[in-house]
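> Sending over a structure as structure tokens; questions will come in a sec.
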């Protein structure tokens with residue numbers, strides 16, 4: 001993880017905020033959503049006999065992966081919000097000092 005926004009310049013905060021936002025988008029598109037789509041496919045009925053137990057274990061593991069991915073998503077989105085709030089505060093100070 002990167003340094004806290006309080007120890008950065010506005011430019012550094014904007015660069016890091018952009019990096020984190022891109023990382024979040026990439027994670028959602030390439031990690032989280034494919035896992036959710038996989039679970040959706042697993043939960044569709046399959047008439048094949050003898051697959052029920054395998055599907056249950058597979059489904060349980062897939063849901064555990066989604067939960068872990070969700071934890072990462074929440075942590076990353078919290079960092080994005082933290083940088084955005086810090087950038088907003090810096091810009092507010094600049095605007096008020098400039099008047």
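> Which residue fluctuates most in the GNM of the chain (Cα springs below 10 Å): 80, 57, 39?
Highest fluctuation among the options: 57.
> Then there is this: So for 83, 72, 32, fewest C-beta neighbours within 10 Å to most, what's the order? Before the final figure, lay out each step's value.
Details: 83 24, 72 13, 32 17.
Ranked by crowding around the Cβ, least crowded first: 72, 32, 83.
> Still on this structure: Remind me, relative contact order of the chain in percent, using alpha carbon pairs under 8 angstrom and six or more residues apart?
On the way: 41 pairs, mean separation 49.8, N = 99.
After rounding, I find 50 percent.
> For Rg/Rh (Cα atoms, Kirkwood Rh), which listed value, (i) 0.97; (ii) 1.26; (iii) 0.92, comes from the coordinates shown?
It is the one labelled (ii).
Only the coordinates and a few stated rules stand behind these numbers; no lab work does. Please read these numbers as outputs of a predicted model, since none were measured by experiment. Using ideal geometry, Cβ is built from the backbone for each residue, glycine included, and neighbour counts are taken over all protein chains shown.
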